[in-house]
Each structure stands twice: as C-alpha cells, then as structure tokens.
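The values are calculated or read from the model by the stated rules, or taken from the named source; none is laboratory data. Owing to the predicted nature of the structure, the values given are computational and were not obtained by experimental measurement. Reconstructed Cβ throughout: ideal geometry from the backbone, glycine too, with neighbour counts over all protein chains shown. Note: accessible area is taken over every heavy atom of the protein model, side chains too, but ligands, DNA and RNA are not part of it. Shrake-Rupley method; radii C 1.70, N 1.55, O 1.52, S 1.80 Å.
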Amino acid sequence: MIEDHDHIDAIFLVARYGREAPQVADGQRLQAADRGDRNEVRRWRGIRRFIRRSIGPMEAVPVKNR
C-alpha cells in the first residue's frame with residue numbers, strides 16, 4: 001500500500017511522462033537500490049505498480065473507425 005503523497009507523485013509522473021512513467025519510476029527505484037535505500041526502493045516499486053494498474057497494459061489501444 002502506498003501513501004497518499006505517493007499517489008500524487010504517481011499522478012504527476014504520468015502527467016509529465018505519459019506511458020513512459022513506469023520506466024521513469026523503475027529508474028528511480030534502481031537509483032535508490034544503488035544507494036542502498038530500501039524504503040525508497042519499496043516506495044518507488046509501489047508507485048510503479050500503482051501507475052501500471054492505473055494506465056493499464058502498455059499495448060496500443062485500438063481506435064474505432066468513424
């Protein structure tokens with residue numbers, strides 16, 4: 001479970017990076033892992049999961065013909 005302020009961070013990541021937001025969050029997680037910050041790793045993992053659940057699969061969405 002992620003905190004409310006983490007939800008806000010996730011929303012801003014999606015607003016700024018769009019479908020690239022999970023990769024950005026994963027990069028932040030890797031940087032935290034390199035620093036040895038386990039709490040930050042957990043936080044970014046939760047943010048990434050929240051984003052993936054919110055925006056759905058990374059496949060192209062079919063567009064209806066008009």
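So the values come out like this:
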quantity	calculated
Summed residue charge, Cβ within 12 Å of GLU3's Cβ, Lys/Arg positive, Asp/Glu negative	-1
Area accessible to solvent at ARG35, 1.4 Å probe radius, in Å²	150
Isotropic mean projected area of the C-alpha convex hull, the stretch 1-60 (nm²)	3.9
